[in-house]
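As structure tokens, the structure follows; a few thoughts come after it.
The values are calculated or read from the model by the stated rules, or taken from the named source; none is laboratory data. Quick caveat, the model's predicted, so the values are computed rather than measured. Counting neighbours? That spans all protein chains shown, and the Cβs are built from the backbone with ideal geometry, glycine included. Accessible surface areas use protein heavy atoms only, side chains included; no ligands, DNA or RNA. Shrake-Rupley method; radii C 1.70, N 1.55, O 1.52, S 1.80 Å.
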Amino acid sequence: METAQTKPLAGKTAFVTGGAQGIGEAICRKLALLGAAVVVNDLRRTDAAEKLLDSLAASGVKAGMVCFDVSNEEAVEAGIAEAIKEYGPIDILVNNAGISLDSLLIRTKADDWHKTLNVNLTGSFYCARACAKSMIKARCGRIINISSVIGAMGNAGQVSYSASKAGLMGLTKTLARELGSRGITVNAVAPGFIKTQMTAALSGEHAEKLVEQIPLNCLGEAEDVAEAVAFLASPAARYITGQVLGVNGGMYM
Ligand code: NAP
């Protein structure tokens, strides 16, 4: 039997950027399991996206997809407006879309710097601004930004990525202060190293060295991050805002 405990997000609509694969996909599946209708955003309607939408539909979840580039201001405004028209006001926004164009400072091209900041940080600002209007009207909402442990501790060779993810922490705290009085909570989840396509390039030896720095002795799974997002989206987290929740196996404390 479905209860408020098994489906705490029933009646809510979640919008997950970069939701077609990896951590975003796990977040879509978890929020859907808890009863939310899910709108998946990504750049393209890939095979992975089709598979996700089919499996959500097969489990009776109201789900759809709106494709746009989060770093394109006009596309974000149009895409979020389309999602609201089709699926109703967005109650939960998860800013998950992200890229990493890794290089050391002196090798970092300005173009790669701007691209990374534009997707990871500016894209989250565009999406938050577009969703906040209806959240303010409804006097409730959840915004969850996917930052990174690298935003907190830095990492040689990830110049633009670490700056973008640190920026997300600042954005999170300011939005939490601005929107709290309107019943909207804003938090960040900062994953450590999680097994997805983004980290697939880590070589055997490099991966082993990384694991040595992690007290829990393994890389994380996308589902570990999804669990943290689901908690912050749930009624249980009603009094939590402006926080950065690390999901990193203890590699940064
Ligand atoms: P992923 O497997 O590369 O997935 C990211 C998704 O975002 C992809 O589907 C990608 O689409 C989409 N995307 C990229 N640029 C976009 C844009 N401009 N507009 C809309 N969608 C866009 O990465 P992930 O590992 O799941 O990471 C998800 C988030 O967690 C990112 O913000 C990442 O920085 C963060 N994170 C990941 C780790 C980790 O260890 N994996 C650790 C800390 C933080 P395409 O594939 O078509 O480009």
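Taking the stated definitions as given, is GLU77 assigned to a helix (DSSP H, G or I) and exposed (fewer than 15 other Cβ atoms within 10 Å of the Cβ)? Answer is no for this residue. Tell me, yes or no, whether the range 94-113 has at least one residue that is away from the ligand (no atom under 11 Å from the Cβ) and open to solvent by less than 10 Å² (accessible area, probe 1.4 Å). No: zero hits.
Scanning the range 114-139 for residues that are in contact with a Ser or Thr (Cβ under 9 Å, 6 or more places away or on another chain) and either within 12 Å of the ligand (Cβ to nearest atom) or of a type in the set (A, V, I, L, M, F, W, C) (or both) yields LYS115, THR116, LEU117, ASN118, VAL119, ASN120, LEU121, THR122, GLY123, SER124, TYR126, CYS127.
One residue alone among ALA63, ALA57 is more than 8 Å from the ligand (Cβ to nearest atom), over 20 Å from the mean Cα position of the chain (by Cα) and not β-branched (Val, Ile, Thr), and that residue is ALA57. Checked against the criterion of being within 11 Å of the ligand (Cβ to nearest atom) and within 24 Å of LYS12 (Cα to Cα), the candidates ILE150, ILE146, ILE184 yield just one match: ILE146. Count of the range 211-235 residues, restricted to those that are within 13 Å of the ligand (Cβ to nearest atom), open to solvent by 10 Å² or more (accessible area, probe 1.4 Å), assigned to a loop (DSSP other than H, G, I, E, B) and not charged (D, E, K, R), is 2. Examine the range 115-128 for a residue that is outside any helix (DSSP H, G or I) and modelled with pLDDT of 95 or more, and state whether such a residue exists. No, because not a single residue in the range 115-128 is outside any helix (DSSP H, G or I) and modelled with pLDDT of 95 or more.
Of everything in the range 19-44, what is assigned to a loop (DSSP other than H, G, I, E, B) and closer than 20 Å to MET135 by Cβ? Give them in sequence order. If the condition is that a residue be assigned to a loop (DSSP other than H, G, I, E, B) and closer than 20 Å to MET135 by Cβ, then GLY19, LEU34, GLY35, ALA36 are the ones that fit.
If you go through the range 125-182 and keep only what is basic (Lys, Arg) and surrounded by fewer than 21 Cβ atoms within 10 Å (Cβ to Cβ), you end up with ARG129, LYS133, LYS137, ARG139, LYS173, ARG177, ARG182. Restricting to the range 236-253, and then to whatever is touching a Phe, Trp or Tyr at 6+ places or on another chain (Cβ under 9 Å) and at negative phi, can you tell me which residue is surrounded by the most Cβ atoms within 10 Å (Cβ to Cβ)? Only one residue fits best here, namely ASN248.
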